[in-house]
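For reference, the structure is listed below as structure tokens.
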Amino acid sequence: MRCLAIALLLSTAACETGGGSTLPDANLSLPMCTGVVYDSCLSNAGCMSMNCKLYDQDAIQVCTQACDANNPCPMQNGQAATCNNRGLCKPPAANACHP
């Protein structure tokens with residue numbers, strides 16, 4: 001019986017430590033992201049391209065896509081995105097939405 005009580009206590013504590021499904025600094029007043037290129041994302045599953053990339057230096061995590069000289073990055077609100085040295089599009093900022 002004591003083992004059952006300990007197991008119940010541990011499972012309850014584990015459930016309480018889980019976080020929410022949005023980023024801590026997500027602005028919930030913005031529209032929900034739809035997974036298009038340059039939308040904020042939490043995982044590959046949140047992107048139509050199945051490619052969610054964290055850009056540490058810019059503090060953004062966005063849906064991206066492959067690029068090269070023959071397949072340039074799409075513009076973002078009239079601004080050019082960069083095709084980085086890994087062959088991925090890197091926008092100047094994430095789209096105005098929340099994951």
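The values are calculated or read from the model by the stated rules, or taken from the named source; none is laboratory data. Remember, it's a predicted structure, so these values are computed and weren't measured experimentally. Cβ coordinates were reconstructed from backbone atoms using ideal geometry, including for glycine residues, and neighbour counts include every protein chain displayed.
Rundown of residues vs (1) loosely packed, with under 10 Cβ neighbours inside 10 Å; (2) at pLDDT below 95; (3) under 9 Å from the mean Cα position of the chain (by Cα); (4) farther than 16 Å from T82 by Cα, yes/no style:
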residue	(1), (2), (3), (4)
R2	yes, yes, no, yes
A5	yes, yes, no, yes
S21	yes, yes, no, yes
S40	no, no, yes, yes
S43	no, no, yes, yes
Q57	yes, yes, no, no
C63	no, no, yes, no
N70	yes, no, no, no
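For the range 28-38, give me each residue that is part of a loop (DSSP other than H, G, I, E, B) and under 13 Å from the mean Cα position of the chain (by Cα). Steps first, answer last, please.
First, the residues of the range 28-38 that are part of a loop (DSSP other than H, G, I, E, B): 28-31, 33-38.
Result: C33, T34, G35, V36, V37, Y38.
Please go through (1) part of a loop (DSSP other than H, G, I, E, B); (2) at pLDDT below 50 for A14 and return the number of the only condition it doesn't satisfy.
Exception for A14: condition (1).
So how many residues does the range 63-99 have that are of a type in the set (V, I, T) and farther than 20 Å from G46 by Cα?
1
Just give me the residues in the range 46-55 being in contact with a strand residue (DSSP E or B) (Cβ under 8 Å, 6 or more places away or on another chain) and either loosely packed, with under 15 Cβ neighbours inside 10 Å or at positive phi (or both), in sequence order.
Correct list: M48, L54.
Please specify each residue of the range 43-99 satisfying the condition of being under 15 Å from C33 (Cβ atoms), small (G, A, S) and not in a loop (DSSP other than H, G, I, E, B).
A45, G46
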